[in-house]
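The values are calculated or read from the model by the stated rules, or taken from the named source; none is laboratory data. Keep in mind the model is a prediction, meaning the values are calculated, not measured. Counting neighbours? That spans all protein chains shown, and the Cβs are built from the backbone with ideal geometry, glycine included. In case anyone asks, the SASA skips ligands and DNA or RNA and just uses the protein heavy atoms, side chains included. Shrake-Rupley method; radii C 1.70, N 1.55, O 1.52, S 1.80 Å.
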Amino acid sequence: MLKSILPKSVQNVFIETWGIYNFSARFFKEVFKPPYNLNEMIKQFFQIGNKSLGLVGITGFIIGFVLALQAIPTLQPFGATSLIPSMVGLGIILEIGPVITGLICAGKIGSSIGAELGSMKVTEQIDAMEVSASNPFNFLVITRVVATTLMIPLLIIYADVIALLGGFLAMNIVSDVSLGLYFSQVFDALDIGSLIGPVVKTFFFGFTIGIVGCYKGYNADKGTESVGIAANTSVVISSLMVIIWDMIAVQITNIIL
Amino acid sequence: MEQDNTVKDGTEKTKPLQEKPEETGLEETGLEMTDKKKSDTEMTVKEKSDKEMTVKETTEPEIPEEEKTGEQSRSEANAEIDKGEIVVDIEHLKKSFGKSEILKDINLKIKKGETIVTLGKSGTGKSVTLKCIVGLIAPDSGKVKVLGKNIPDLSYEALQYMRKKIGFVFQSGALYDSMSVRQNLEFPLMRNTDLSKEEIDKKVEEVLKDVGLSQAIDKMPSELSGGMRKRIGVARTIIMNPEIMLWDEPTTGLDPETTRDISHLIVRMQRKYKVSSIVVTHDMICAKIVANRIVVLNDGKYTESGTYDELEQSKDEFVRTFFEEVKDDATTRLSNYEGDEDKKSLKTKEE
């Protein structure tokens, strides 16, 4: 009935959402079951974390630097340049740092997982694991999703620190502010309670990027074209989900605090 | 085994094919050759014989005489199989993809130790049948009993347990390309057994020796040729000691020499590990060497069943036409390959 009314694109949204929901449910069902694949997990921590440090660091630095640099001419006429460290700190840590880094990770890590698993699917490597009773979900999906869930928050914290340093450099160019004073003003503006929301949402970002990348790769169709589609849709869906999670997190934080 | 001495245009061949069995391998395949090709073959017999010996020394362990496929050993094997229990029993299997009905009514019984070859045109559902047997594809209806259990009724855990008894060799080899050959072979053992590192190493070395690739143990899949990848795929499957082997086009895309090597490997595995096998192929060289029985799949059903020689004489028009087509294709492949080899050998001489 509903199928005949809804256009195909809307139906596909529901199908994809249902698919990702089921895939996530299977993840939670199997995540604590042995075997735990520690070697593969460490390999994924390295691939996802260590290999993203450069990109995330450069992006974070530029964000902090530009944010401070843009704020200086706006606030200077009001004699409010002393508020810039607080503004940069709040902006970076609560919002811009997590979201921009989340989007960068969705692009780099999401596409990489989608393409890797998609190519394994197309070349029947996942089927080969399945028929050898090796449970590819446990080996491929659990390890990657756990790694993204734990590593992306760390990458975001790292990006935040670099962004604050970038902000300090921008401030130091136009005014004479010490590193100690700069960071004391940043942390004066923040309290522990206000950090909970931004930290918690980064775990959701990490989980979403991992699960969407794995879902799209694991369920890729046959043919080499599917690998590209898996990588591309992983990025699109996980980027969108990062924005949606952020919106939900802000709403919840506003209600609670 | 009587060979047809006439070529397609009705001219008579100068010599019976049996006179050069070692060099051409046609005594095993029953395939015909053109007169020109045959004389080319005779001219380079010595070179090829020398080359084949070299290849065998480096890539394939010598096939013991008793393991080679012969009519006598084949009939003895068939007599033994007739007494065996049924290990795979497919009844009224149906499977559709969208509006396309691929399998309409598949019925098949396989006995312990039997090797069945499934022939059929592309897209007729040969691989789908294999995937239904191993539980990768769920059938729409019908029963797929493997070792007495109906596969579609099994829970995931029970299916995983059953899959340890079934080996599946993929068309491409499906090696895990981020792992070395050693890791590829260790992987199923580490995840499914409690063997110690030493025992696993021993098994890995043993199966690599079985497939003649001991030297490739530390290579990555990207460093291997197509034939080597398939052999490692076979090794990864037999390392789990399966009771049933499913081979999805094991010789597709390989030259005739490697096709024969892989086909003999299938026979050796069947003899050594006493497995029952279903081999999906288009390749008549392979079918002739490995099959105890051949079934022909057409229009979603098995239309004909029998030994290679029986089907070759079949009155069914589809089966006869199909046999002629694939044999022509195999003969062309053989001719092209030997032409290439002649060119290579000439080039080497010039150099």
Report summary line: For the A:Leu75, A:Gln251 Cβ pair and Förster radius 25 Å, calculated FRET efficiency rounded to 0.05 is 0.30
Query - Convex hull of Cα atoms in the range B:68-319, direction-averaged projection (nm²) - result: 14.0 nm²
**Report entry** Residue-level accessible surface for B:Lys112, protein heavy atoms, 1.4 Å, Å²
**Finding:** 90 Å²
Query raised in the report: With respect to the cross-link table entries A:Lys8/B:Lys149; B:Lys112/B:Lys197; A:Lys43/B:Lys126; B:Lys145/B:Lys272, which display a Cα-Cα separation exceeding 29 Å?
Result: A:Lys8/B:Lys149; B:Lys112/B:Lys197; A:Lys43/B:Lys126
Report summary line: For chain A, the longest principal axis of the Cα atoms and the Cα long axis of helix A:111-122 enclose an angle in degrees, to the nearest 10, of 10 degrees
Query raised in the report: If you place +1 on the Cβ of every Lys and Arg and -1 on the Cβ of every Asp and Glu, how big does the dipole about the Cα centre of chain A come out, in debye to the nearest 20?
Result: 520 debye
Query raised in the report: If you put +1 on each Lys and Arg Cβ and -1 on each Asp and Glu Cβ, how big is the dipole of the range A:1-64 around its Cα centre, in Debye rounded to 20?
Result: 140 debye
Requested in this report: Add +1 for every Lys or Arg and -1 for every Asp or Glu among the other residues with Cβ under 14 Å from the Cβ of B:Ile106, and state the total.
Outcome: +2
Query - Magnitude of the charge dipole, the range B:145-283, Cβ model with Lys/Arg +1 and Asp/Glu -1, debye to 20 - result: 400 debye
Report task. Please give, to one decimal in nm, the separation of the simple spin-label points placed at A:Val10 and A:Lys222, each 7 Å out from Cα toward the Cβ. Result -> 3.4 nm
Query raised in the report: How do the peptides A:27-37, A:135-145, A:234-244 rank, highest first, by the average count of neighbouring beta carbon atoms within 10 Å per residue?
Result: A:135-145, A:234-244, A:27-37
Query raised in the report: Considering only the other residues whose Cβ falls under 14 Å of the Cβ of A:Ile20, what net charge follows from Lys and Arg at +1 and Asp and Glu at -1?
Result: +1
Requested in this report: Quick one: net charge around B:Ser180, please, counting Lys, Arg +1 and Asp, Glu -1 for every other residue with C-beta under 9 Å from its C-beta.
Outcome: +1
Report task. Evaluate the relative contact order of the range B:77-146 (contact order divided by residue number), counting alpha-carbon pairs under 8 angstrom at least 6 apart; express in whole percent. Result -> 39 percent
Report task. Please work out the Cα center distance from the range B:259-300 to the range A:116-192, rounded to the nearest Å. Result -> 51 Å
Query raised in the report: Where in the range A:83-98 does the label zone of A:Leu181 land, with the point 7 angstrom along Cα→C-beta and an amide N cut-off under 18 Å?
Result: A:83-89
**Report entry** Averaged over A:121-129, number of beta-carbon atoms from partner chains that fall within 10 Å
**Finding:** 6
Requested in this report: With r as the distance between the Cβ atoms of B:Gln183 and B:Ser141 and R0 = 45 Å, compute the FRET efficiency 1/(1 + (r/R0)^6) and round to 0.05.
Outcome: 0.65
